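Structure, as structure tokens:
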Amino acid sequence: MDSGDTAFMLIATALVMLMTPGLALFYGGLVRSKNVLATMMQSFICLGVVSILWVVFGYSLAFGPDTGGVIGGLDWAFLRSVGTEPGPYAATIPHLVFSAFQLMFAIITPALITGAFAERMKFSGFLLFTVLWTTLVYFPVCHWVWGGGWLGKLGALDFAGGTVIHINSGVAALASALVVGKRRGYRKEPFQPHSLPLTVLGAGLLWFGWFGFNAGSALTAGAVAGVAFFNTQVATGAAAVAWITAEWIKIGKPTTLGAASGAVAGLVAVTPAAGFVGPVPALVIGLLAGFFCYGAVLAKEKLGYDDALDVVGIHGVGGLWGALATGLFASTVYNAAGADGLFYGNPKQLLIQAVGALAAIVYSFVLSWVLLKVTGAVTGLRVPEEDEVQGLDQTQHSETGYVL
């Protein structure tokens, strides 16, 4: 047991927790004022719902003793045997601290999906879908990669969640946008963000919290944490610059929304690679993420699906690029526990990364589609048209975001 590592991980865990309220602000500013509270609520309440699932069976399914490479058993249900001594995943911190850290990852992942169906989904439907999706999609994929499952055994590298969190949620967001359908008036009336300052504040909190997300994934206050911390900064800054450069070329002006969106794209893309690559590759990953994700957001308009807050373009595409980039740029110089990528003489790693990404894409899309249909049959997915016109703050929660 190491008190320094434990203190570091407690701080990192708190930083990751802050990301979910940050996400609520980021998403809340992007919707119309009549939906700001409903949108923020969908992220915020995940702090409660997923915490309950985690204690009862979630941690055990995600990280418990492996069953066939697919899922953990129920040996650790209700956190049995998860106490103050070190566990199998981190030798110098209490097992319970590791569980708390991973809980914050589990909380924010379903919250990310909510941006796809913002302004039109019933709160009851959202709750049921979140419980089902977290249980049947997030926990298994998490186990595959980090809990002793088949992808981890295959050698897939995912330092802090490119596949487990971002590809997983991005693909679920695409399924959600397709199944739930477009917002009333989509492409016929303007859908302007009601508070970009709120969104920029949210992006800043995400950026701040992401240092815990990535550096904390080293699980010790050592050299790898330092590499991940630095890479997080440079990739994010590069992506923000790349995004506004792309839109400056495309529309003639750089925007604040573009800078915030680019920063999040950079955070997403560097996440799987953060502790496996050097600073220059991290810079390249961020720069290309800004361009790729901006292009993906533009492509949404041509493809015609209504991903309200661009979860697919930023998290899905950014996560995919990051996962593949890890297979290109990973180097054991920076992390002896990782592997070398294509550019360091190991082309097999890129193939492994592609297999992991493809497995997550197929599994998440199919299961998300099925679970959305089940949710629709049980609670319904969409609010009635008149409720959508009035706004979800009033019709779902009997509240008003602003009294002016």
Item to check | Length gained when the stretch ILE11-LEU127 is fully extended (0.36 nm per residue, less Cα-Cα span) | outcome: 38.9 nm
Checklist entry - Using θ = phi - 60° and the Karplus curve 6.51 cos²θ - 1.76 cosθ + 1.60, what whole-Hz ³J(HN,Hα) does each residue of region 132-143 get, with Gly and Pro shown as x? => result 5, 5, 4, 6, 9, 10, 5, 4, x, 5, 4, 5
Checklist entry - Once amide H atoms are placed 1.01 Å from N in the peptide plane, what residues at a sequence separation of 5 or more from LYS122, or on another chain, have their amide H within under 5 Å of its amide H? => result ARG382, VAL383
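Tally Lys/Arg at +1 and Asp/Glu at -1 over every other residue whose Cβ is under 15 Å from the Cβ of THR379; what's the total? Let's see the in-between values first.
Values: positive: ARG120, LYS122, LYS373, ARG382; negative: ASP387.
Taking every other residue near THR379 into account, the sum is +3.
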Item to check | region 267-355, dipole about Cα centre (Lys/Arg Cβ +1, Asp/Glu Cβ -1), debye to the nearest 20 | outcome: 220
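Size of the dipole of region 74-172 about the Cα centre, Lys and Arg at +1 and Asp and Glu at -1 on the beta carbon, nothing else charged, in debye to 20? Display every interim value, and only then the final one.
Working: 4 positive and 4 negative charges, 41 e Å.
With only Lys, Arg, Asp and Glu charged at Cβ, the dipole is about 200 debye.
Can you pull the percent of the chain's accessible area that's carbon plus sulfur, 1.4 Å probe, other chains left in place?
The value for the chain is 70 percent carbon and sulfur by accessible area.
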Next on the checklist: Just want the answer: with Cβ charges of +1 for Lys and Arg and -1 for Asp and Glu, which residue in TRP207, LEU157, MET104 is farthest toward the dipole's positive end in region 66-207?
Outcome noted: TRP207
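Considering only protein heavy atoms, what per residue accessible area in square angstrom results for region 68-161 with a 1.4 angstrom probe?
Working: 2810 Å² over 94 residues.
Counting only protein heavy atoms, the per-residue value for region 68-161 is 30 Å².
With charges only on Cβ, +1 for K and R and -1 for D and E, what is the dipole size of the chain about its Cα centre, in debye, rounded to 20? Before the final figure, lay out each step's value.
Values: 18 positive and 20 negative charges, 161 e Å.
So the magnitude is around 780 debye.
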Checklist outcome for this item: Taking a probe of 1.4 Å and leaving out DNA, RNA and ligands, region 181-237 shows per residue an accessible area in Å² of 44
Checklist entry - What is the extension gain from PHE208 to ASP2, computed as 0.36 nm multiplied by their sequence separation minus the C-alpha to C-alpha distance, in nm to one decimal? => result 71.7 nm
Checklist outcome for this item: For the chain, longest principal axis from Cα atoms; helix 196-215 axis from its Cα atoms; angle between them, nearest 10 degrees, is 10
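Return the calculated 222 nm mean residue ellipticity for the chain, to the nearest 500 deg cm²/dmol, obtained by summing -39500 (n - 2.57) across DSSP H runs with n ≥ 4 and dividing by the residue count.
Using -39500 (n - 2.57) per qualifying helix, the result is -20500 deg cm²/dmol.
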Next on the checklist: Taking 0.36 nm per residue of sequence separation and subtracting the Cα-Cα distance, how much length would be gained by fully extending the chain between LEU358 and GLU85, in nm to one decimal?
Outcome noted: 94.6 nm
Checklist outcome for this item: Bounding extents of the chain in its principal axis frame from Cα atoms, largest first in Å, are 56, 49, 37
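The values are calculated or read from the model by the stated rules, or taken from the named source; none is laboratory data. No experiment lies behind these values; they were computed from the predicted model shown. As a convention, Cβ positions derive from the backbone with ideal geometry for all residues, glycine included, and neighbour counts pool all protein chains shown. Ligands, DNA and RNA are stripped out before the accessible areas are found, and what is left, the full protein with its side chains, is counted by its heavy atoms. Shrake-Rupley method; radii C 1.70, N 1.55, O 1.52, S 1.80 Å.
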